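Structure first, then comments.
The values are calculated or read from the model by the stated rules, or taken from the named source; none is laboratory data. What you are looking at is a predicted structure, and each value in this text was computed from that prediction instead of being measured. Note: ideal-geometry Cβ built from the backbone for every residue, glycine included; neighbour counts use all protein chains shown. All accessible areas refer to the heavy atoms of the entire protein, side chains included, with ligands and DNA or RNA removed. Shrake-Rupley method; radii C 1.70, N 1.55, O 1.52, S 1.80 Å.
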Amino acid sequence: MLRKSNNAKLLFLILSAFVLTHQIKAQNENHQIKKSIMTMFDGMAAFDSVMVRSVFAESFTLKTVTTSPDGMTKVRDQTAQDFINAIGTKREGVKYDERLTSIDIKIDREMAMAWTPYRFYLNDAFSHCGVNVFIMAKIKGLWKIVSITDTRRKADCVP
């Protein structure tokens, strides 16, 4: 009887250690993904295209989903180079401030998705809101942004 009790305790300790190790690894992965995303936004705010480019995968894509006044949904593509060029062109007196209201991350091994509702301010004035969806890949040990698809609207912002 005592032996069964000791075996159960040992099994419990092993399982607890496994769960704890898994949770610590998941927290670290979440932190690294958030760090890549925030590096992109910090680079945007600083008009630093090198910083922004540092977190993009080589084959980065960018799409925007909008609804026109007549109710038609449109998907607009922007090339990575156009985006990087826009970030790298500092305009005197222009300030970009994209404020994420939350980050929801899902991970499957070397792929992740981050859902980030946001509010965008241009020169401290509200411009638009929406949701970014980041698709990420762990490349050579670093979480890189593979693509961003976002929505944009002036009202009915996600909290």
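Scanning the stretch 49-64 for residues that are of a type in the set (Val, Ile, Thr) and over 13 Å from the mean Cα position of the chain (by Cα) yields Val50, Thr61, Thr64. In the stretch 79-99, what residues are open to solvent by less than 50 Å² (accessible area, probe 1.4 Å) and assigned to a strand (DSSP E or B)? Across the stretch 79-99, the qualifying residues are Tyr96, Asp97, Glu98.
Residue pairs whose Cβ atoms lie under 6 Å apart, separated by 6 or more positions or on different chains, with the first residue in the stretch 100-113 and in a strand (DSSP E or B) and the second among the hydroxyl-bearing types (Ser, Thr, Tyr) and modelled with pLDDT of 95 or more, are Leu100/Thr116; Leu100/Tyr118. Picking from residues in the stretch 129-159 that are touching a strand residue (DSSP E or B) at 6+ places or on another chain (Cβ under 7 Å) and part of a loop (DSSP other than H, G, I, E, B), the one that is least open to solvent (accessible area, probe 1.4 Å) is Cys157. Out of the residues in the stretch 27-69 that are among the aromatic types (Phe, Trp, Tyr) and not in a helix (DSSP H, G or I), state the one that is surrounded by the fewest Cβ atoms within 10 Å (Cβ to Cβ). Ranking the qualifying residues of the stretch 27-69, first place goes to Phe47.
Against the numbered list (1) open to solvent by less than 90 Å² (accessible area, probe 1.4 Å); (2) out of contact with any Asp or Glu (no Cβ under 7 Å at 6 or more places or on another chain), Thr73 comes up short only at (1).
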